[in-house]
1. Taking segment A:202-218, which residues are at the interface with chain C (Cβ under 8 Å from one of its Cβ atoms) and over 29 Å from the mean Cα position of the chain (by Cα)?
2. Could you tell me which residue of segment B:130-165 is surrounded by the most Cβ atoms within 10 Å (Cβ to Cβ), considering only residues that are in contact with a strand residue (DSSP E or B) (Cβ under 9 Å, 6 or more places away or on another chain) and without any contact (Cβ under 8 Å) to a residue 60 or more places away in the chain?
3. Where in segment A:5-99 are the helices (runs of 4 or more DSSP H), entirely inside, with at least 1 residues that are within 14 Å of chain C (Cβ to nearest Cβ) and closer than 30 Å to residue A:123 by Cβ?
4. Of the residues C:149, C:197, which single one is under 26 Å from residue B:147 (Cβ atoms), buried (at least 21 other Cβ atoms within 10 Å of the Cβ) and under 21 Å from the mean Cα position of the chain (by Cα)?
5. Could you tell me whether any residue of segment B:241-262 is assigned to a helix (DSSP H, G or I), touching a strand residue (DSSP E or B) at 6+ places or on another chain (Cβ under 9 Å) and at pLDDT 85 or above?
6. Looking for something assigned to a helix (DSSP H, G or I) and within 11 Å of another protein chain (Cβ to nearest Cβ) - is there at least one such residue anywhere in segment B:82-93?
7. Would you confirm, using the coordinates I've provided, whether residue C:139 is in a strand (DSSP E or B), buried (at least 18 other Cβ atoms within 10 Å of the Cβ), in contact with a strand residue (DSSP E or B) (Cβ under 9 Å, 6 or more places away or on another chain) and not assigned by TED's automatic domain parsing to the domain that holds residue C:248?
């Protein structure tokens, strides 16, 4: 047919959209009505509690009147939730680290940001060193701050960041080992990975806090935080190894063979050809593991470290503030949600982009 | 390339350039290093325990525990041994994990399908659920369900009372407990017969369908046999069950079955959290089935539900099972967070109280880890079996 | 290849150093002097005993016990660092040498003394286990608690005492075991249990954390003996003696009327007992491996036992506890220290 026909007459767009997407069958009509009713009745009280009736500013607990949330509590204790017992006068050091972390990793979310690759590499190599100098202090005239004074969001970030940085190289070695042709090395890596993956983090933390001191020779000791970090890193490296192994398996055989044909030895072949490709492929996987680790760091409160959930837990029982438990939990939930949701969006986008490439 | 290279000779390579020799060398070195570090660790530990006068061995398992546990699936009181506390904790861990796995699977499948619903509102609501729940730490969710919900429940004396049989208060949910009387064996026997009958009918129906194409209503008939036969036996023997109905005695309700708030909170939190992940797995599984399959099913005249049940889900299962397995493992491992709210699981009872009272950290932690390792491997093993059964059979 | 060798070499060196450090074993006193501070294990936060404020500054009777030991060694009460420990970690932390002394509200029992490789050095607080109940359940005596649900903190002798008490009186109970004292109070406040049980010194503090403290009362019954005191590792008698005698010095000082305020004047006293305690006469300090005037420094920096008690748990503090058993033996209590001679 060559002559063009007028387009079919459509109803007014929003109405049509609703008819297509909300009221297309009898059960959808029913569902829509029920859901709209539920949302309608719950959103009002929720908004009231969260914002309209809530108290945001004030001087002391008595200012929290009315039925709404007492955000004043968060406001007053924010310093504790962010830094734990870190001395006020030294908090600029933590702020610098927060800032540098943001500089290194936020651009990763923005495509075409100049030099974002280099910022990322800096975040994984240079930044830990700066942090190692800055946070504990004790040199270059910086006052020493003992690790038992660290706490709050700062400690949560340290645990997750060190866990990921430490587990990456270990994970690479384990993944390579698991794909090795030498049965002893492969067997060892398989056992190591599977054992760590099978046990819950909380037992690992218990082991690190209660048993690690028994494994070490007399007179040798780590601080509790360091022990927890060792536990978290070993545990995480097993997960990391599995993620990286996925990347290694996705590299076509031809790449390995081409590397060998060029006469490259095992390590050079891995370093120059295989790993760069494999690691790029698994960035979304690494980010997802990181999200998991970030959320799992809350478990350290069970061994008595004050992470952000730990600081909130210890203040909601303060007799001066009555019934602020829900506000506290909502605050922590919101903090975690912002971080994790952002990161998961990033990894989903990346996954979609990488998807076009290597799949066969 | 240098043209002046001497002509290639059959390589008289040095032994250390032979990859096989090198591989053996490395493995021997690795083995030696592993053995040496393992030995050092063990020696250190033994030396440390010796020099610090810490008792060793598993003798403590026979000593009487002397502390109470709120919930136990096997008989337990303070006079039982530490070894018994191990099994009490283990069974409680397995109970909450099993309950969580069943509920999370059902909820996850519903939300995963709802995520693909043609109803915009339902699809977005599922998306919001997934994105909120899975980005908040599970420990926080457990705390929330425990402390926030506990506060809103009434005290035992003001219980929510449903027909004088079910009671809900801040000590738990109380249900009547069926107690078998003599003669109940007939009912059990009837149930066994019913199960056998259903299996036979199913086989026969399938054979008939293959031969004649006639469909026998297996599901309806099966369910009515499964319910009907034991019910008949029950009535015929004069109802040999007595219900132990919970009643307020002193401070608390006595009798009946109690679902304690710790178990409920843990169960709800584990279910909701894991369901969000399962929903995403189900969604991507369903999306992995090519549209042609759905269209072909529609062309055969199958309606929506049947298409999903007979065509899409069976194929999606192949994609779903491996990640589903790791979610089950995660749920099982996350059940150890029970210790934060006082549900008496393995970590809380055995690695908590028992470890504390005996001080034998090495033995207790080793036993606990061995349990988690074993059960994780078992879950993987059974899911792999199921996966093999569901895998594409190419003929 | 090269990398592998480097890696192997690195690992070997690391393990080598691990082994090498085996050799450096000194006495605890020497180790503490080398470090320049005392490492002391305390609770994560227990009002009156060891509690950090928002700036991480610690107060409490257990904390003061640590400060007194630091004062005896270094002459300064602030030469001490605190390691907060959960109930589960406390013994291993001490066994492994992570801390030099454990002063963490710990009950002295035979099992702990004998099978954990530890030594209790004395008692800095005599406590007993009691019950906190909601007023509205209308109970006045612990014997009426049959069938009650009890909130309790994990990892303590309390769990055992509770089971023993109910068994001895042929009663039933349901224990709800929480990991920290905060969760225990939250559970009690939320109505999860009828009774909260803990050491009596703690019940008052926990009660004050409730939204409405007057809705709960402490029952008169005391169901156990809980002598709380500092703990050291076995096998270093010198260190054991030091920790033991610092506390004795504080108790003796109260008996002799020496306080942190009058200690300078007391130095001029003619009483030989006072002279020996403050180090103006005799070589009491040297026998322990401490400076001769260690008693003076302890009293000067921390005060005598009574001061320590009144400052942290006594009348006027949030815990508001009478001396009771913890009064001196001369005043009807059982605080009694061997003579310093």
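1. Residues satisfying the conditions are A:214, A:216, A:217, A:218.
2. For segment B:130-165, the residue satisfying everything is B:155.
3. Helices (runs of 4 or more DSSP H) meeting the threshold: A:71-83.
4. Result of the check over C:149, C:197: C:197.
5. Yes: one or more hits.
6. Yes: one or more hits.
7. No; evaluated as a whole, the condition is false for this residue.
Residue by residue, here is whether (1) under 21 Å from the mean Cα position of the chain (by Cα); (2) crowded, with 20+ Cβ neighbours inside 10 Å holds:
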{"site": "B:279", "(1), (2)": "yes, yes"}
{"site": "B:292", "(1), (2)": "no, no"}
{"site": "B:318", "(1), (2)": "yes, no"}
{"site": "B:324", "(1), (2)": "yes, yes"}
{"site": "B:338", "(1), (2)": "yes, yes"}
{"site": "B:354", "(1), (2)": "no, yes"}
{"site": "B:373", "(1), (2)": "yes, no"}
{"site": "B:377", "(1), (2)": "yes, no"}
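The values are calculated or read from the model by the stated rules, or taken from the named source; none is laboratory data. Owing to the predicted nature of the structure, the values given are computational and were not obtained by experimental measurement. No Cβ is skipped: glycine too gets one built from the backbone with ideal geometry, and neighbour counts run over all protein chains shown.
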